[in-house]
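Q: I have a structure here, written as structure tokens, and I will follow up with some questions on it.
The values are calculated or read from the model by the stated rules, or taken from the named source; none is laboratory data. Keep in mind it's a predicted model, so treat the numbers as computed, not measured. So basically every Cβ, Gly included, is an ideal-geometry build from the backbone, and we count neighbours across all protein chains shown.
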């Protein structure tokens with residue numbers, strides 16, 4: 001299991017690396033859950049991340065317009081990231097999602113053959129408004145992308161497990177592994193949630209606000225917070241040893 005920390009600038013990236021993050025995720029949380037950062041900022045942060053630490057960038061919650069999504073994904077891939085994340089909030093049908101993801105994959109591979117595509121959906125949406133977590137692994141496998149992520153679109157402090165049960169997430173992770181897809185969990189994860197996530201054992205866990213001093217928008221990533229989160233997730237530290245009252249929500 002690897003720890004992904006979302007950052008907005010070089011300073012936060014450096015703090016996250018010092019705290020032990022394995023993946024530096026570049027986005028613009030001020031505009032939403034998976035909102036994209038500008039290409040110049042992505043390149044700046046990628047250049048500052050040391051060898052051995054991976055990077056990712058989101059292209060946002062894309063509309064059901066495969067050409068638009070592919071163009072955005074190409075720009076992200078050209079910035080040199082290891083992963084390109086695609087939010088499917090506005091793509092409701094499995095067939096449409098598969099077609100869009102396939103175009104994104106082709107575009108990313110043409111620009112950066114080693115970059116991987118992660119398809120993202122949400123646990124806190126009304127049924128029918130986006131691809132359900134249970135559907136995503138099949139859609140991603142059909143599109144031949146590389147991984148699946150379940151997140152929350154609302155960032156109000158309500159954690160992922162308030163919206164989806166452990167059994168459903170275990171099935172999601174199992175389906176990903178059966179299809180050789182990376183499994184990623186995120187979504188307002190707080191101190192008390194990290195032992196729960198550790199028990200589910202996804203491939204990657206994504207965090208922002210819990211790693212920040214202050215809230216997820218105005219706060220800044222702290223290496224000490226990242227290190228404490230990592231100890232719970234990877235080191236097996238018990239939650240009482242983590243000051244959960246001092247940790248916010250992703």
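Q: Filter segment 121-147 down to residues that are in contact with a strand residue (DSSP E or B) (Cβ under 8 Å, 6 or more places away or on another chain) and outside any loop (DSSP other than H, G, I, E, B) and give me whichever is nearest to residue 192 (Cα to Cα).
A: Here the residue is 122.
Q: With the checklist (1) under 17 Å from the mean Cα position of the chain (by Cα); (2) farther than 17 Å from residue 21 by Cβ in hand, flag the one item residue 168 doesn't pass.
A: Only one criterion is unmet by residue 168, namely (1).
Q: List pairs: first residue in segment 82-93 and more than 12 Å from residue 119 (Cβ to Cβ), second residue at pLDDT 95 or above anywhere in the structure, Cβ distance under 7 angstrom, at least six positions apart or on different chains.
A: 82/54; 82/55; 82/56; 82/115; 82/116
Q: Looking only at segment 200-215, how many residues end up being modelled with pLDDT of 95 or more, surrounded by fewer than 18 Cβ atoms within 10 Å (Cβ to Cβ) and in a strand (DSSP E or B)?
A: Looking only at that region, the number is 0.
Q: Taking residue 84 as the residue in question, decide whether it is in contact with a strand residue (DSSP E or B) (Cβ under 8 Å, 6 or more places away or on another chain) and either surrounded by fewer than 18 Cβ atoms within 10 Å (Cβ to Cβ) or within 21 Å of residue 17 (Cα to Cα) (or both).
A: For residue 84, the condition - in contact with a strand residue (DSSP E or B) (Cβ under 8 Å, 6 or more places away or on another chain) and either surrounded by fewer than 18 Cβ atoms within 10 Å (Cβ to Cβ) or within 21 Å of residue 17 (Cα to Cα) (or both) - is met.
Q: Considering every residue within segment 99-119, establish whether at least one is farther than 26 Å from residue 72 by Cα and either buried (at least 22 other Cβ atoms within 10 Å of the Cβ) or modelled with pLDDT under 95 (or both).
A: Taking every residue of segment 99-119 in turn, none turns out to be farther than 26 Å from residue 72 by Cα and either buried (at least 22 other Cβ atoms within 10 Å of the Cβ) or modelled with pLDDT under 95 (or both).
Q: Residues that are touching a strand residue (DSSP E or B) at 6+ places or on another chain (Cβ under 7 Å) and under 28 Å from residue 229 (Cα atoms): does segment 61-70 have at least one?
A: Within segment 61-70 (the criterion being touching a strand residue (DSSP E or B) at 6+ places or on another chain (Cβ under 7 Å) and under 28 Å from residue 229 (Cα atoms)), the answer is yes, since at least one residue qualifies.
Q: Follow-up question, since we're still on this one. Regarding residue 49, is this residue in contact with a strand residue (DSSP E or B) (Cβ under 7 Å, 6 or more places away or on another chain), within 18 Å of residue 4 (Cβ to Cβ) and modelled with pLDDT of 95 or more?
A: Taking the combined requirement at face value, the residue satisfies it.
Q: Can I ask one more? Determine, yes or no, whether residue 226 is buried (at least 21 other Cβ atoms within 10 Å of the Cβ), under 18 Å from the mean Cα position of the chain (by Cα) and not in a helix (DSSP H, G or I).
A: No.
Q: Going through 197, 150 one at a time, which residue ends up being assigned to a strand (DSSP E or B) and either closer than 25 Å to residue 235 by Cα or without any contact (Cβ under 8 Å) to a residue 24 or more places away in the chain (or both)?
A: Criteria check complete, one pass: 150.
Q: Restricting to segment 153-188, name every residue that is under 21 Å from residue 211 (Cβ atoms) and part of a helix (DSSP H, G or I).
A: If the condition is that a residue be under 21 Å from residue 211 (Cβ atoms) and part of a helix (DSSP H, G or I), then 160, 161, 162 are the ones that fit.
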